[in-house]
Every structure is written in C-alpha cells, then in structure tokens.
Amino acid sequence: MDTYQIERKRMVEQQIARKGVHDERVLAAMMSVPRHLFLPVEARDYAYVDSPVQIGSGQTISQPYVVGLMTELLDVRDEHHVLDVGTGSGYQAALLGELAAEVHSIERHAELAESARERLTRLGYENVYVHVGDGTQGYPPHAPYDRIIVAAAAPSVPDPLLHQLAEDGRLVIPVGKRFSQLLEVWDRTGDDFHKSTSIPVVFVPLIGQEGWEG
C-alpha cells in the first residue's frame, strides 16, 4: 500500500470504527474513497487527520468521524436516490456514490460545484450529479429522495427538504445556533415526521432562503 492507503486504513480503524461507526458498508466506502484527492494540494498532508480542513470559498471538508457518523445515520441502501446538500469538494457525494443508486448534490458556490463535478467525473462516479443552487430549497427536479444529508448548519430544518423526502425517507442535518448545533435525524412516514438527535457538532452555516443570511 502507498502512504495514503496506509493513512486511510488508519483513519478508518482508529478514528471512525474505534469511535463507534460500525456499518461495514460505510467503513468500506471510506476506505475506498481517496480523501486526499478532495483537498487542495497544499492541504493533503491533513487529509486523514480527524479534523475539518479548509477547501476554499469559506467552506470546509468535515472531520472524518463526523462524516462517517452522519453517513451511518443516513442508512443508505443500494437502491436509494439521495440528495447531498453542500457539495463542497465532493467527498461526501463520492461516499454516497459508493452506497446509493443515484446521488444529486447541490452547492451554492459555482466554482466549488464545477471543481467537484470535474473531480467526481475524473474518479469515475457516473451516478453522482452536481448542481448549483440554494440547497435550503433542496433540488425539486429530481425529488422525492429516499435520503437527504446536509453538510452545513441550519437554524431550523428547512421545510423544502422535509417535503422532498420520499415515503419512509430520512434526513440528517445539523441544527442549532450559528456556532453550536446538534445532529438531527428526521424520518418520514406519510405526512408525519419523527425527529431524533445525535451528537453536538459545529458546522459552517447553511446559507439560503430557508437557512442563514449570507
């Protein structure tokens, strides 16, 4: 194995599995996706450290453990149609591409969306589609979604995301104050929604009509 493979294996075993993420499909996806290729060249030494990393445009790629936990909470299956809100560098979208039938990812920064689209295409993720837009509005052209995941913090859960969930759909999103949130999991049954909470987190703000003002 090359250096990055060794570091990725250590990341999965020591930072993710040891902290309680046990879904074998999630761990295999995180072992497969080359996280360092989703970071700026000058930041690749930090690719497998358990901390967020700046990727430009005021955005970050989340720490590996939180990515693993959120992906496990999402409970993605092979047949699922998934919406990823906040594409960033495309790392979460790549993980979802390993797990789901189809992934639509939306990013408000056009330059990040374009670079993520090129990266994902280069790495062969033919089932991942990147769009530019306001993620707080979801992405209606391909709704409903079996699963929705949000990589930025909202002051409250955006209604458009809840209503773009399919029957038995699930949404994972950080919700709370600007610098302090809880991970929330929302499950849909008919017209009813059930909320549960996970760990405290700190994410960049979700900017948009149903989120924070920019």
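We did not get these values from a lab; they are worked out from the coordinates using the rules stated. Small disclaimer: the values here were computed from a predicted structure and weren't measured. So basically every Cβ, Gly included, is an ideal-geometry build from the backbone, and we count neighbours across all protein chains shown.
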Dipole magnitude of the chain about its Cα centre (Cβ charges: Lys, Arg +1; Asp, Glu -1), debye to nearest 20: 680 debye
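GluC sites (Glu not before Pro), restricted to segment 158-214: which are DSSP loop and have at most 15 other Cβ atoms within 10 Å?
Numbers: sites: 167, 184, 210, 213; in loops: 210, 213.
Listed in order of number, the matching sites are 213.
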As a test, work out the antiparallel percent of DSSP beta bridges whose residues both lie in the chain, rounded to the nearest 5. 50 percent
Which of the trypsin sites (Lys or Arg not before Pro) found in segment 27-112 are in a DSSP loop and have at most 16 neighbouring Cβ atoms, other than their own, within 10 Å? 77
Computed curve, segment 1-150, Cα-only Debye sum without solvent term, log₁₀ I(q)/I(0) at 0.15, 0.17 Å⁻¹, is -0.71, -0.93
Coil-residue GluC sites (Glu not before Pro) of segment 17-104, DSSP, other Cβ within 10 Å capped at 16: 79
Here, residue 57 and residue 132, labelled 7 Å along Cα→Cβ, have an inter-label distance in nm of 0.9 nm
With the label point 7 Å along the Cα-to-beta-carbon line of residue 44 and a cut-off under 18 Å to each amide N, the hits in segment 84-102 are 89-91
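Summing Lys, Arg as +1 and Asp, Glu as -1, what charge do residues with Cβ under 11 Å from the Cβ of residue 135 carry, residue 135 excluded?
-3
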Alpha carbon centroid spacing (whole Å) that separates segment 102-127 from segment 160-214: 22 Å
Would you order 170, 119 from fewest to most other beta-carbon atoms within 10 Å of each residue's own beta-carbon? 119, 170
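Would you mind counting up the charge near residue 185? Only other residues with Cβ under 15 Å from its Cβ, with Lys and Arg at +1 and Asp and Glu at -1. Could you put the intermediate results ahead of the total?
Working: positive: 147, 170, 188, 195; negative: 23, 72, 75, 146, 168, 184, 187, 192.
That works out to -4.
Which net charge results when you count Lys and Arg as +1 and Asp and Glu as -1 among the other residues whose beta-carbon is under 12 Å from that of residue 85?
Working: positive: 108, 147; negative: 84, 107, 134, 210.
Net local charge, residue 85 excluded: -2.
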